[in-house]
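Notes follow the structure.
Here, each number is a calculation from the coordinates, and none is a lab measurement. Since the structure is predicted, the reported quantities are computational estimates derived from the model, not experimental observations. Because the Cβ atoms are built from the backbone with ideal geometry, glycine has one as well, and the counts that use them run over all protein chains shown.
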Amino acid sequence: MAAELQTSQGLNDLLVILGAAGIVIPAFARFRITPIIGFILVGILVGPMGLGALSSQYEWLKWITISDAKGIEPVGEYGIILLLFSIGLELSFKRLWTMRRLVFGVGAAELIGSGLIIGIALYMFGYGVAAALGIGIALALSSTALVLPISGTKSAVGQSALAMLLFEDIAIVPIIFILGAIGPQAEANGFDGLITTLWQGGLVIVAMLVLGRFLLPALFGQAARTKSPELFLAASLLVVIVSSLLTGFVGLSPIVGALIAGLLIAETSYHGEVEVMTAPFKGLALGVFLISIGMSIDLQFVAKNWIALLGAVTGVIIVKALVTGALLKLSGARTGTAAEAGVLMASPSETTLIVLGAAASTYLIDRDTANFWQVATAIGLTITPILARIGHDMSRRIEMRGNDDMVAETMSSGEDRTVIIGFGRIGRLIADMLKKHDQPFVAVESDIDAVAAGLRDGYPVIFGDISRPETLDKLQLGHAKALILTMDEPVLAARTVQRVRGWLPNIKIVVRARDTDHAAELYRAGASDAVPETLESSLQLSEAVLVDLGVPMGPVIASIHEKRDEYRRQIMEAGGLTEAPRLKTQEALKSV
């Protein structure tokens, strides 16, 4: 047995993968770089076209390289399945229904529009009509495995990307069947096979939806009663595997089954625990998938054809970014959101490799053409994190472009108002209270998504970064009734208070403090009121606990006031104040 283990290629590949994960994730996290790039670079380095090509000359390289790329592909595919399963856990049928216009409207238009434009360009370069169409549709697909981990599913960009990617995942099976039907070696029953797959897949999905409603709560309830994490994990993985096998058996993509399984579990009370249990497997399996992408890049081929590959990748990215951004803008998205999502979705997909392989198998395209576009696709996948960064920076510049006029218009309305810096949870709550008492205000936020959400809800929010002195200048604080700082950045808050107090000695400045020490620092900097969030939440929690334990309300309130007075004295002494500060949020806001 020991000898078998020592010579097992699979065990050696597993050690390389685990070693890569142990090095790549912490190393890239330290430099705040997504590990996606690290895994792909590892694949290039240790794959059969990197150091693996030298393993026959240097025996020791066999221990740190992967010679069989096909051997680890199933693990990578399982990573994509778990990714779609986790996306299903974050969704619900109600939320999916509300996204239907984006999924089947913008998603369909993006895939067809990008595919046709790329196809027309390829036809002009001498490709046949069918080949140009097949390659165009393949390149129009975007990567679920890379885009969603970068964008998430909660932000405006993430929701737009999710909708389009869901349509692409649904459309992948019809695309493969249609390419098979129009190829030179197409079978006579190509379209009949598509129809059969669709009605059988429909029956399987309906059966999963009906049975899952009754079986999954009972299954996970029984697993939870055993209080065995191993059994709960086994039940979770069993559901994912069975669902994927069922849809795969009738010809649909296994990721469709994984998504439906996630949606079903999301409707139960066990979805949080299931997500936590499966997250490590998803992360590691996706790492394997990314390593396999890196292993597919032939550096010698890239060196010989770098001009053609550069033109191909650049052309695809430009077309997809423009089409996706334009469609999102037409659908009502903000310009910054549309631009960021367009650039993020511009690279090809892992499913592009599958579609190109299907087109080559029916001789719709020859093997050399398929190999060229597969390498181009791998390069496109590799630069996806870079595109994400470019898109994010473009979005910020676009939002900033019209911000100066918006600030000037808002602040020159002739009405004195309160300025709220930071429009997160606390900033929004303060805005609600000011609005309730008819106090005019304007909020400033550096998070584009938070600004967009506030504007949609009717709040006067403008985009701005107060760490830049010119932003504070444009806010015309000399005409403001008060300044409220709510951001959770202690150093920036103290620096801003000191700067504004130097300009405006009489303005009311109310600041969110992290604790009593931070409150004392803010008072020294010139704050009118500093409200320690940890103090007030701790006092309110203590009050609730004591009342629930049966202590009379009178003594409880008296002890709360006594403790607050104690903290007042501490802040007064630490801040060098001549009188004790007010600590309650309500008292601070009354002065605004």
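Fully extending the segment from residue 301 to residue 492 would add 63.7 nm, taking 0.36 nm per residue of separation and subtracting the current Cα-Cα distance. Label sites at residue 573 and residue 435, each approximated as a point 7 angstrom past Cα along Cα to Cβ, lie 4.4 nm apart. Compared with the direct C-alpha span, the chain from residue 479 to residue 120 gains 123.4 nm at full extension, assuming 0.36 nm per residue. Remark: segment 441-450, residue by residue, has Karplus-estimated 3J(HN,Hα) of 7, 9, 10, 10, 9, 9, 9, 4, 5, 5 Hz, where x stands for each Gly or Pro and the curve is 6.51 cos²θ - 1.76 cosθ + 1.60 at θ = phi - 60°.
With a Förster radius of 51 Å applied to the beta-carbon distance between residue 553 and residue 416, the computed FRET efficiency rounds to 0.80.
At an R0 of 45 angstrom, the distance between the Cβ atoms of residue 310 and residue 100 translates into a FRET efficiency of 0.70. A Cβ-based charge dipole, computed about the Cα centre of the chain with Lys and Arg at +1 and Asp and Glu at -1, lands at about 800 debye. Taking a straight line from the alpha carbon of residue 94, these lysines sit under 18 Å away, with near neighbours fewer than eight places off in the same chain left out: 154. Rounded to the nearest 10 degrees, the angle from helix 533-548 to the longest Cα principal axis of the chain is 80 degrees. Looking at the square roots a ≥ b ≥ c of the eigenvalues of the Cα gyration tensor of segment 259-360, which shape do they give, rounded for a/c under 1.5, prolate if a/b is larger than b/c, or oblate? Note, shape of segment 259-360 comes out oblate. With the Cα gyration tensor of segment 201-254 giving a ≥ b ≥ c as the square roots of its eigenvalues, does the rule (a/c under 1.5 for rounded; else a/b larger than b/c for prolate; else oblate) give rounded, prolate or oblate? It comes out oblate by the Cα gyration axes.
Here each label is just a point 7 Å from Cα along the line to Cβ, and for residue 225 and residue 129 those points are 6.4 nm apart.
Backbone amide hydrogens, once placed in the peptide plane, bring residue 513 within less than 5 Å of 531, 533, excluding anything fewer than 5 places away on its chain. When only Cα pairs under 8 Å and 6 or more residues apart are kept, what is the percent relative contact order across the chain? Rounded, it is 14 percent for the chain.
When GluC sites (Glu not before Pro) are flagged only if DSSP places them in a loop and at most 13 other Cβ atoms lie within 10 Å, the longest unflagged stretch of the chain comes out as 188-414.
The longest part of the chain holding none of the exposed loop trypsin sites (Lys or Arg not before Pro), meaning those outside H, G, I, E and B in DSSP with at most 11 other Cβ atoms within 10 Å, is 228-592. In the chain, helical runs assigned H by DSSP with n ≥ 4 each contribute -39500 (n - 2.57); averaged across all residues and rounded to the nearest 500, the mean residue ellipticity at 222 nm is -23000 deg cm²/dmol. I'd like the distance separating the alpha-carbon centroids of segment 211-275 and segment 424-481, in whole Å. Cα centroid to Cα centroid, the span is 44 Å.
Can you give me the angle between helix 350-361 and the longest principal axis of the chain, using Cα atoms only, in degrees from 0 to 90, rounded to the nearest 10? The two axes meet at around 10 degrees. Rounded to the nearest 10 degrees, the inclination of helix 69-90 to the longest alpha-carbon principal axis of the chain is 40 degrees. If R0 equals 41 Å, the separation of the Cβ atoms of residue 30 and residue 53 corresponds to a calculated FRET efficiency of about 0.85.
Here the extension length gained between residue 455 and residue 371 equals 25.5 nm, from 0.36 nm per residue of separation less the Cα-Cα distance.
The region of the chain that goes longest without hitting one of the chymotrypsin sites (Phe, Trp or Tyr not before Pro) in a DSSP loop, each with at most 15 other Cβ atoms within 10 Å, is 126-362. Distance between the 7 Å Cα→Cβ label points at residue 361 and residue 562: 7.9 nm.
Treating each Cα of the chain as one equal point scatterer and applying the Debye formula with no solvent, the log10 of I(q)/I(0) at q = 0.09, 0.11 Å⁻¹ comes out as -0.88, -1.13.
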